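The values are calculated or read from the model by the stated rules, or taken from the named source; none is laboratory data. Note that this is a predicted model, so its numbers are computed, not measured. Positions of Cβ are generated from backbone atoms using ideal geometry, with glycine treated the same way; all protein chains shown enter the neighbour counts. Quick note on the areas: whole protein, heavy atoms, side chains included, nothing else; ligands and nucleic acids left out. Shrake-Rupley method; radii C 1.70, N 1.55, O 1.52, S 1.80 Å.
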Amino acid sequence: LIDATCTPADITYPTDLKLLNEAREKTERIIDDLHAAMSGKVKKPRTYRKKARRDFLAVALSKKPKASKIRTAIGKQLRYIKRNLGHIHWQLDNGAGLQDLTAYWHKCLMVIHTLYDQQLEMYRQRSHRCADRIVSISQPHVRPIVRGKVSQRVEFGAKISASHVDGFVMLERFSWDAYNETSDLVEP
């Protein structure tokens, strides 16, 4: 007996707008950390964090925002992130170093670069799909797995194939990417 299932990762349901807002907040934190290492030498860059948060909440707290309103909000968040990433690169070029960041924040910065590129590509192409899509900044390895269930069409986590033989359950395959489980069966 063999079956495939998804082992759910503990992440909130990832909307593009929520991911971009989280990325913007993390870039603001990185700017603060890099500025602390350079304090007194240069003026702290403007991030417009209050305005950016207000723009996010205007759509996030709406009951049923229209697609055009969501698209406008995503475009604004992309521009805020682009500005913040520019500030980070400027700080790194002018005295701050990656050693001023912890390993966690350095990893987040790399993931945010990839997330920004993916979201910008989807925004320009007016699409909602891309290869190896990031759905969590803190867990970038997690991928969406389309299951087709009535209650949850998409689950987020690793896909596994498990077999049951003579009372023992064995893990046959473990993958963070979606795959067709028929390839796990031995051909006759």
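A search for C-beta distances below 8 Å between a residue of region 67-90 that is among the basic types (K, R) and any residue that is open to solvent by less than 20 Å² (accessible area, probe 1.4 Å) and in a helix (DSSP H, G or I), counting only pairs 6+ apart in sequence or on different chains, returns K69/V59; K76/A52.
Quick check on region 150-168: of everything there that is closer than 18 Å to I11 by Cβ and either outside any strand (DSSP E or B) or among the polar types (S, T, N, Q) (or both), which residue is modelled with the highest pLDDT? Talk me through it step by step, then tell me what you get.
Kept after step one, since they are closer than 18 Å to I11 by Cβ, are these residues of region 150-168: 151-160.
This time we only want the ones that are either outside any strand (DSSP E or B) or among the polar types (S, T, N, Q) (or both), so: 151-153.
Values: S151: 71, Q152: 74, R153: 77.
Only one residue fits best here, namely R153.
One line per residue, one yes/no per condition, for (1) modelled with pLDDT of 90 or more; (2) among the hydrophobic types (A, V, I, L, M, F, W, C):
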position: F56; (1), (2): yes, yes
position: A67; (1), (2): yes, yes
position: G75; (1), (2): yes, no
position: L98; (1), (2): no, yes
position: L115; (1), (2): yes, yes
position: S127; (1), (2): yes, no
position: D132; (1), (2): no, no
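Evaluating E155 against the criteria (1) surrounded by 10 or more Cβ atoms within 10 Å (Cβ to Cβ); (2) without any contact (Cβ under 8 Å) to a residue 24 or more places away in the chain; (3) under 30 Å from L1 (Cβ atoms) leaves one unmet condition, (2). Condition check for D177 on (1) more than 21 Å from T114 (Cβ to Cβ); (2) loosely packed, with under 13 Cβ neighbours inside 10 Å; (3) among the acidic types (D, E): one failure, at (1).
Rundown of residues vs (1) of a type in the set (S, T, N, Q); (2) closer than 17 Å to R124 by Cβ, yes/no style:
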{"position": "T72", "(1), (2)": "yes, yes"}
{"position": "R79", "(1), (2)": "no, yes"}
{"position": "K82", "(1), (2)": "no, yes"}
{"position": "H87", "(1), (2)": "no, no"}
{"position": "A96", "(1), (2)": "no, no"}
